[in-house]
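This report refers to the structure that appears directly beneath it.
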Amino acid sequence: MERWVDECKLAFDGVLQVLKNWRYVALSVLLFLFFGMLLSFLNNGSTELRLLFSNTSLGEKASIMLTVLGQMFGADGMSFSRILTLVIALFQALAWSLLLFMIKAKKKNKADKKRRLSEIEEAGVGASLALLGTGCSGCGVSLIAPILGTIFSSSGHLIASITSWVFTLAALILSFFTVKKLGFDGYVIHASERRKYARKD
Amino acid sequence: MREKIKVILFITLSTLVVGLIIYNASMPKKPADFSKKAWHEAMTLGKADAENHFIVYTDIFCPYCDDFSRAWAEHESEFKSDYIESGKVYLEYRLTDIISDHSPNAERGGEGGYCAATQGTFWEYYHEMLKKLQEDYHSKGIGVSKTSPKIPELDDDYFVEPARAVAEYATLDVGKFESCMKNHEALPELKQNTTKASAVVNGSVPYFVFNDFVSSGFGGDYATVKMMFKAGGV
């Protein structure tokens, strides 16, 4: 347990080290907004998304995006569901930024390529689980509700409610562990680079 | 072995997500047997021969359905003038208890709506009920989302109170309403319409059929309502 906590602390340090580069901060912010808005759009059902691609004017489309952005940050009231969305979006943003850092920083040998691919898969699985978990299954509005409704008829949306929670929890846990692993790798890279420069001096 | 499992999981989930997004994007379609005849005349606004027949599938205890209804009710005079009185839209609400699996009050709420409709006061009762739910629960963050605290099971008097409020300014016989609720007179029609609605909405409410603009869910305001009507061709 103590070792795990230490690894988390080092991972956090690793994340901070990566974010000292403004490029990764900018990337993280963009990815955070992208994931957050995507999850928020899907949480609201299909109306806002369909309006975005309908005959609405450019100004109206911008207004829809701003409304969803505001909702993401609780403009119409913060809820546990919104907080979960923000946390998952943050973990996803950090995971993909850290992944890019790893790909650039590490030597391109076969073992590293294999490891990077594995981490991409983990981050991708986390993102997919997050998307599957979105929506208000309680009112039958979720990505997975229509297909479960087709299979399970009237109890479909109740099953969707349970499964969406399972997916959301799984997304949260997987995303956290992906960030922890990548953050720890980031810490190791920075530590070895500091030692390299110290030796040169 | 672990790597192979990760690859399979990644490909499977990505395919599932992309497939579901495509499925959902193409899903809300006007059903082939879509009927233009109103299910209950009292749950309509405007003239039946208006240019456009817009339909809203709803449940009184669905928070997003309530958000949609409140959005236009707060701009009622503008809404009615622009869409209803102008003859552009015949708006029909198809009231169901489709979320009764999640809410112990959905059925009684639906019965209340239908009992008021038999006396021609559906809209007055519906808006009084929404006002009451907003004051007692929604404004306090109760019953507003899948993760918020749920509205507890309500007693029968909760559903009669809005009828009493309506009776003060409209012609509604409260005794007749109470009898309708007590004897579940509206229940068969509610259940029949919920079954019919389930085949269309697949568990998703609010569900909108505004000509070719078919969608579910609502998270906006009156500006969003106007955009939806515009997308529906008005």
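A short reminder: the numbers here are calculations on the coordinates, not readings from a lab. If you're wondering where the values come from, they're calculated on a predicted model, not measured in any experiment. Backbone-built Cβ (ideal geometry, glycine too); neighbour counts: all protein chains shown.
For A:Val29, B:Val205, B:Val160, A:Val18, what ranking results if the residue with the fewest other Cβ atoms within 10 Å of its Cβ goes first?
Values: A:Val29 12, B:Val205 29, B:Val160 17, A:Val18 26.
By the 10 Å Cβ count, ascending: A:Val29, B:Val160, A:Val18, B:Val205.
Could you sort out which of B:Lys88/B:Lys140; A:Lys181/B:Lys150; B:Lys132/B:Lys176; B:Lys37/B:Lys132 sit more than 29 Å apart by Cα distance in this structure? Before the final figure, lay out the partial values.
Values: B:Lys88/B:Lys140 37 Å; A:Lys181/B:Lys150 38 Å; B:Lys132/B:Lys176 21 Å; B:Lys37/B:Lys132 31 Å.
Those over the limit are B:Lys88/B:Lys140; A:Lys181/B:Lys150; B:Lys37/B:Lys132.
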- [ ] Sequence neighbours fewer than 8 away in the same chain don't count; with that in mind, list the aspartates and glutamates whose C-alpha is under 16 Å from A:Lys61.
- [x] A:Glu48, B:Asp221
Task: Check: chain B dipole with +1 on Lys, Arg Cβ and -1 on Asp, Glu Cβ, in debye - done: 1260 debye
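So which GluC sites (Glu not before Pro) in segment B:49-104 pass both tests, a DSSP loop state and at most 14 other Cβ atoms within 10 Å of the Cβ? The partial results should precede the final answer.
Details: sites: B:Glu51, B:Glu74, B:Glu76, B:Glu78, B:Glu85, B:Glu92; in loops: B:Glu51, B:Glu74, B:Glu85.
Those that pass, being in a loop and sparsely packed, are B:Glu51, B:Glu74, B:Glu85.
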Task: For segment A:180-190, Karplus couplings with θ = phi - 60° (6.51, -1.76, 1.60), whole Hz, Gly/Pro x - done: 4, 5, 5, x, 5, 4, x, 5, 4, 4, 5
TODO: Please list, or write none, the aspartates and glutamates whose alpha carbon is within less than 13 Å of the alpha carbon of B:Lys196, excluding same-chain residues fewer than 8 places away.
DONE: B:Asp33, B:Asp97
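Could you estimate the translational diffusion coefficient of segment B:86-156 from the Stokes-Einstein equation, with Rh from the Kirkwood formula over C-alpha pairs, at 20 °C and 1.002 mPa s, in whole µm²/s? Kindly include the intermediate steps, with their values, before the conclusion.
Values: Rh = 13.5 Å.
It diffuses with D of about 159 µm²/s by this estimate.
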Task: Three semi-axes of the equivalent ellipsoid, segment B:41-231, Cα gyration tensor, whole Å, largest first - done: 24, 20, 17
